[in-house]
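Right, one structure below, let's go through it.
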Amino acid sequence: MDILYFFKYYFYTMLEIRNLNVILENINKRFYILRDISFSLEKKEILGLVGESGSGKTILGKTILGLIKSPLRKISGEIYFKEEKINEENIKNIRGKKISMIFQNPTASLNPVFTIENQLIETIKNSARGITYSEAKERAVNLLKKVEIDNPLHRLKNYPHNLSGGMNQRVMIALALASNPEILIADEPTTALDVTVQANIINLLKMLNSDMGLSIIFITHDLSLIKKIADRVAVIYAGEIVEVIEKDRLIAEKFRHPYSMLLNKCIPGLHSREEKLTTIPGEITQNTEEYENKCIFYERCPVKIEICRNKKPVFKSGCKCFNPVSQ
Ligand SMILES: Nc1ncnc2c1ncn2[C@@H]1O[C@H](COP(=O)(O)OP(=O)(O)OP(=O)(O)O)[C@@H](O)[C@H]1O
Ligand SMILES: [Mg+2]
């Protein structure tokens, strides 16, 4: 393979987010939902986005696609799809076409009164203008095959309630792939599923990543799950990315930020009974003006030092912390 082609194919930034700030604002309150978020997603990369409930994972996915509305508001920051800066105009040609998102809760996203065929064909027709019904149906069958649904012609006639949770999740993935996207944002795609089905969906996403070159942002609150799939993991707490962990450090459980370390201790079944935590003590912080000059994890941090109270750490060497737990 030509060396230049190799670099272009494998090392290509698909998505870049620079200094993104999203606030929640109404008459009696104003605080950050996402504060100073910067990261990139490379071609063929699977980037994990992990954090507790309420940390801003879904809102980040929605902000990329221009789907947030009042009382949430993007106040600053740029988002690039490849070299193109996303704005209100071009997002219409990117959302659901170049970048697809699988939303949390598949049964709520599928329409119960339409067959799988209706839903797939509508999506295919929307993304390929002028396509005939039989061509669209052929694509629908191929998509179901791609997500490894047996007997696709028969399945097309089914309604969502005829299918199992895992099967519906595969249909959701097929719908997201209908427009041949280059990026897939998968928001907790396996949370509602049992462990074996979960593993199958993870393998399917890995296969789509390696065979189709799909870049994926995989959102979860489960660090043990993300280890099975991600090349890199961004850890988000109360709307701030506090650490980005490379694969080798992730496997070695070598975390820098105390929050990542505690999140890792929450993994059920990996640690001894004594050591196991089911949740991190304390509650997630609201990212108010107070944290302009204070570490966002200050209240819950087991290794805080004096400076953390009066100064906000900047993101440096993969971590946003004055007193990292490892170098
Ligand atoms: N439509 C909305 N209006 C106001 N606040 C919202 C809205 N949607 C989300 N929020 C708030 O934004 C914050 C981030 O929410 P988000 O749904 O992104 O969390 P999450 O990390 O996806 O959590 P989970 O793991 O539970 O899905 C939360 O404090 C939430 O209450
Ligand atoms: Mg969410």
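Each value in this text was obtained by applying a stated rule to the coordinates, not by laboratory testing. Remember, predicted model here, so these are calculated numbers, not experimental data. Glycine also receives a Cβ, built like all others from the backbone with ideal geometry; neighbour counts cover every protein chain displayed.
A few points about this structure:
- Residue pairs meeting the criteria (Cβ under 9 Å; at least 6 apart or on separate chains; first within 25 Å of LYS97 (Cβ to Cβ), in the stretch 46-73; second of a type in the set (Lys, Arg) and within 8 Å of ligand 1 (Cβ to nearest atom)): LEU49/LYS57; ILE68/LYS62; LEU72/LYS62
- Residue check for SER109: touching a residue at least 60 places away in the same chain (Cβ under 8 Å) and not basic (Lys, Arg): yes
- Take the conditions (1) within 14 Å of the chain's Cα centre (by Cα); (2) within 16 Å of ligand 1 (Cβ to nearest atom); (3) surrounded by fewer than 19 Cβ atoms within 10 Å (Cβ to Cβ); SER40 misses just one of them, which is (2).
- Scanning the stretch 19-46 for residues that are away from ligand 2 (no atom under 16 Å from the Cβ) and within 22 Å of PRO181 (Cβ to Cβ) gives LEU20, PHE39, SER40, LEU41, GLU42, LYS43, LYS44, GLU45, ILE46.
- Among all positions in the stretch 254-265, there is at least one residue which is within 16 Å of ligand 2 (Cβ to nearest atom) and either buried (at least 18 other Cβ atoms within 10 Å of the Cβ) or not acidic (Asp, Glu) (or both).
- ASP211 falls short on exactly one of the conditions (1) closer than 27 Å to SER127 by Cβ; (2) surrounded by fewer than 20 Cβ atoms within 10 Å (Cβ to Cβ); (3) within 19 Å of the chain's Cα centre (by Cα), and that condition is (3).
- Within this structure, ASP231 fails the test of being crowded, with 19+ Cβ neighbours inside 10 Å and within 17 Å of the chain's Cα centre (by Cα).
- The set of residues in the stretch 55-71 that are within 16 Å of ligand 2 (Cβ to nearest atom), buried (at least 17 other Cβ atoms within 10 Å of the Cβ) and of a type outside the set (Ser, Thr, Tyr) comprises GLY56, LYS57, ILE59, LEU60, GLY61, LYS62, ILE64, LEU65, ILE68.
- Helices (runs of 4 or more DSSP H) completely within the stretch 53-151 that count 3 or more residues being within 16 Å of ligand 1 (Cβ to nearest atom) and within 18 Å of the chain's Cα centre (by Cα): 57-64
- Whichever residue in the stretch 92-119 is surrounded by fewer than 18 Cβ atoms within 10 Å (Cβ to Cβ) and of a type in the set (A, V, I, L, M) and, among such residues, is farthest from ligand 2 (Cβ to nearest atom): VAL113
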